[in-house]
1. Once you have the Cα-Cα distance between CYS141 and HIS409, take 0.36 nm times their residue separation minus that, and quote the gain in nm to one decimal.
2. Quick check: net charge around ARG262, other residues with Cβ under 14 Å of its Cβ, Lys/Arg +1 and Asp/Glu -1?
3. Kindly rank 332-339, 123-130 from highest to lowest mean number of other beta carbons found within 10 Å of each residue.
4. If the chain between THR272 and LYS466 were fully stretched, how many nm would it gain, using 0.36 nm times the residue separation less the Cα-Cα distance?
5. Order 259-269, 449-459 from most to least packed using the mean count of other Cβ atoms within 10 Å.
6. Relative to the Cα centre, what is the charge dipole magnitude of the stretch 222-288, using +1 at the beta carbon of each Lys and Arg, -1 at the beta carbon of each Asp and Glu, and rounding to the nearest 20 debye?
7. Evaluate the distance, in nm, between pseudo-label points positioned 7 Å from the Cα of GLU122 and of SER350 along their respective Cα→Cβ axes.
8. Packing-wise, with mean Cβ within 10 Å as the measure, how do 279-286, 294-301 rank, highest first?
Amino acid sequence: MTPNRLQGFICPIISCRKEHAAGDCSIDVVLNRIMDVVRKEIESYKASLGASQGMIQIEEKDKWSIAGVSSLKDEPVRIQILPGGRLAAAFTMAEMGELAYDSEVIYTPMSPTGDRSASLDEAVLEELKDAARSELDCHVCYSLFLDPLTTACGHTLCRTCLHRVQDHSNLCPICRRVLALAPGVSESQAPSNIVLGRLLAGLCPEALAARIETAKSESSSLGDLDTPLFVCTLSFPMQPTFLHVFEPRYRLMIRRAMETDRKFGMLLSNRTREVQGDMGPVPFYQYGTMLLIVNMHVMPDGRSIIESVGISRFRVLRHGVLDGYIVGKVERVDDMSVAEEEAIEAAETSSALRHFSAQDHFGAPPHHSGTEHRLNQIQDLDALSTQELFEIGVGFVKNMKESSAPWLHHNVVHSYGECPEDPALFPWWFASIVPTSYGEKYKMLMTTTVRERLKMCVMFAAELEKQSRYVQFCLESQQ
């Protein structure tokens, strides 16, 4: 609430009649320039020989008679006889202050040669179209305005162009004043310039139709590459991902996602340019997670804090670039059926030699908090059932929590939740918080069974316990 927005007024436009803040209503620069062009062209026309060849009488109709009732006010009828056609005469009468903008009028030709107003109007209108055309171009895309939006400083841009500007800066690109509009505002929050929109439709309908068609073709030029892809970090299904979005290209991508289904794909950056299937050495890993935006907090400078959650996994088949960010054709990755996974478990456990019981592998069950897990004794993960793998992982987490492991800080647990009791959710939760390299955790996205992911969790746990033992040994040696 800046000082100039504390002052308001009731809109004089009959179809509006709403209260506006004074700070939001500067002079409309584009409409002001168009009126200057119209005034100049009309004055030039009135001084021409053609204007003097016809006279027309303009009579303002009484508003009560239009409604079919007698006038309740004894007001004289305003009549003027002016040179030129109807357009020039009406403009002149309005400029004299004798004609309101919403008046209904009656035209009566006064020329002895008959009514030439139609041909005169056509000549004037063509001149006005040519003169005003240069004022109807956006200063960002240099094309005809498409869905014109006027800012508080009075400058008009295409709505999409204004959004693109806000992806880079919160300043008006013309006058450099701070934009009062929040980034990515919808039409309900910031309505389009209706007057300018009607002028565009009336003065240059063919050019406007071509502009709309061009915009549609640009948006569909990438064909089936319809999934926006954020190349940044690892995300996992059913787990939250928090993002600080500040790059202009990703600000644009997130805004477009918010305007549609609130979904986008998250991919891990491939810094070493490892070959990714048929795509070759692309700058991202091929498997990723589809995220759904849960909450978005936009800062005054256009940056945003995004809270999202993973909903599924996918594999990139093809990719392209749209306005600086990557888009792609993706294929959903799902697990095999429960029956198939149970068959794999039965085959593995029956063929593997089991040298240790489940308790030998990880100590007493997790509820015996004083028992140390012996992950280093595991020799054959295939010999363990899926439930035993899950219990090993849960037992390790419980042991690390009792040891006050920093990666299980209460802030982390607050963000990702407590250890899940569902074996299908546990691997995704564990991979989200465990301090293991992204390269190792990325392999989990390519798996198709819960059992396979639980094996990876046990291997992560064994490696961490080995490191923990080494650190403890070093500390004891120094003492």
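None of the figures in this text is laboratory data; all of them are computed from the coordinates on show. This structure is a prediction, so every number in the text was calculated from the model and none was measured. All Cβ positions, even for glycine, are placed from backbone atoms using ideal geometry, and neighbour counts span all protein chains on display.
1. On the way: separation 268, 0.36 × 268 = 96.48 nm, distance 4.99 nm.
Once the chain is fully extended between CYS141 and HIS409, it gains 91.5 nm.
2. Working: positive: ARG255, ARG256, LYS263; negative: GLU259, ASP261, GLU307.
Overall, the nearby charge balance is 0.
3. Working: 332-339: 11.5, 123-130: 16.2.
Ranked by mean Cβ neighbours within 10 Å, highest first: 123-130, 332-339.
4. Details: separation 194, 0.36 × 194 = 69.84 nm, distance 2.80 nm.
That works out to 67.0 nm of additional length.
5. Values: 259-269: 17.5, 449-459: 21.6.
Sorting 259-269, 449-459 by mean packing, highest first, produces 449-459, 259-269.
6. Values: 8 positive and 7 negative charges, 61 e Å.
Computed charge dipole of the stretch 222-288: roughly 300 debye.
7. Taking the two extended label points, one gets 9.2 nm.
8. Numbers: 279-286: 16.6, 294-301: 13.0.
The most tightly packed comes first, giving 279-286, 294-301.
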